[in-house]
């Protein structure tokens with residue numbers, strides 16, 4: 001997986017930028033609080049949507065999971081022009097737990113927040129979806145695990161573990177079903193990180209909830225089939 005860092009040691013904040021460059025969100029904390037891979041179909045569908053179906057080949061072909069950076073849900077208040085190009089959506093149904101933010105100028109999905117596990121202190125962005133999403137952080141942690149491998153064919157999960165052994169020296173823990181592993185250390189570590197309050201809240205910053213306040217939450221069903229074509233009950 002690619003690792004994105006800022007080029008200057010004096011870089012104090014982090015940024016998330018859409019593919020066309022018209023929307024850039026600045027985060028007060030320059031370091032993600034946690035990092036892991038996610039194999040779930042929802043993250044894959046978000047990647048399809050944000051790239052208009054042209055997502056990086058390694059993600060599309062299930063050679064690597066979506067590389068999640070969990071960050072403080074605190075954002076420097078964007079100007080009115082930027083804010084006018086932001087919209088929120090849920091995937092597939094109104095009671096979906098994640099509220100996703102995208103740039104309407106080009107469709108890039110910028111970040112997501114699970115309303116039970118992420119809110120109110122955290123949200124997630126996506127590190128390995130360039131050129132459709134550009135993340136710049138001063139320092140990034142090592143990935144800790146790969147989640148929701150139940151959504152991948154067994155052969156793909158095994159290939160991922162072999163690749164990690166070759167490139168990292170060891171395979172990351174694979175969590176087949178997060179909801180049945182809530183007491184296991186990889187997940188308790190993640191949950192603990194998500195519950196940490198933002199380390200810095202500058203006066204001109206707002207929370208993710210404040211940013212999306214007043215925005216209509218639309219339902220997005222695009223690329224549902226494409227993101228699930230590899231599942232056993234669907235055609236390959």
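Structure notes:
- Qualifying residue in segment 147-164 (condition: buried (at least 18 other Cβ atoms within 10 Å of the Cβ) and within 13 Å of the chain's Cα centre (by Cα)): yes
- Residues being buried (at least 18 other Cβ atoms within 10 Å of the Cβ) and closer than 24 Å to residue 31 by Cα - total across segment 68-114: 21
- Matching residues in segment 203-213 - criterion: being surrounded by fewer than 12 Cβ atoms within 10 Å (Cβ to Cβ) and either in contact with a strand residue (DSSP E or B) (Cβ under 7 Å, 6 or more places away or on another chain) or touching a residue at least 12 places away in the same chain (Cβ under 8 Å) (or both): 204
- Residue list for segment 74-124, restricted to those being closer than 21 Å to residue 200 by Cα and in a loop (DSSP other than H, G, I, E, B): 77, 78, 79, 117, 118, 119, 120, 121
- Residue satisfying condition, being over 18 Å from residue 140 (Cβ atoms), within 13 Å of the chain's Cα centre (by Cα) and either surrounded by fewer than 18 Cβ atoms within 10 Å (Cβ to Cβ) or touching a residue at least 60 places away in the same chain (Cβ under 8 Å) (or both), within set 50, 21: 50
- Within segment 53-66, tally of residues that are more than 11 Å from the chain's Cα centre (by Cα), within 23 Å of residue 178 (Cα to Cα) and part of a loop (DSSP other than H, G, I, E, B): 4
- Count of residues meeting criterion [in contact with a strand residue (DSSP E or B) (Cβ under 9 Å, 6 or more places away or on another chain) and part of a loop (DSSP other than H, G, I, E, B)] in segment 214-233: 4
- Per-region count, segment 136-193, residues free of Cβ contacts under 8 Å to residues at least 60 places away in the same chain and outside any helix (DSSP H, G or I): 12
- Test: residue in segment 20-36 that is in contact with a strand residue (DSSP E or B) (Cβ under 6 Å, 6 or more places away or on another chain) and closer than 20 Å to residue 163 by Cα: yes
- Verdict on residue 138 being modelled with pLDDT under 95, over 22 Å from residue 156 (Cβ atoms) and either under 13 Å from the mean Cα position of the chain (by Cα) or buried (at least 17 other Cβ atoms within 10 Å of the Cβ) (or both): yes
The values are calculated or read from the model by the stated rules, or taken from the named source; none is laboratory data. Predicted, not measured: the structure shown is a model, and the values here were computed from it. All Cβ positions, even for glycine, are placed from backbone atoms using ideal geometry, and neighbour counts span all protein chains on display.
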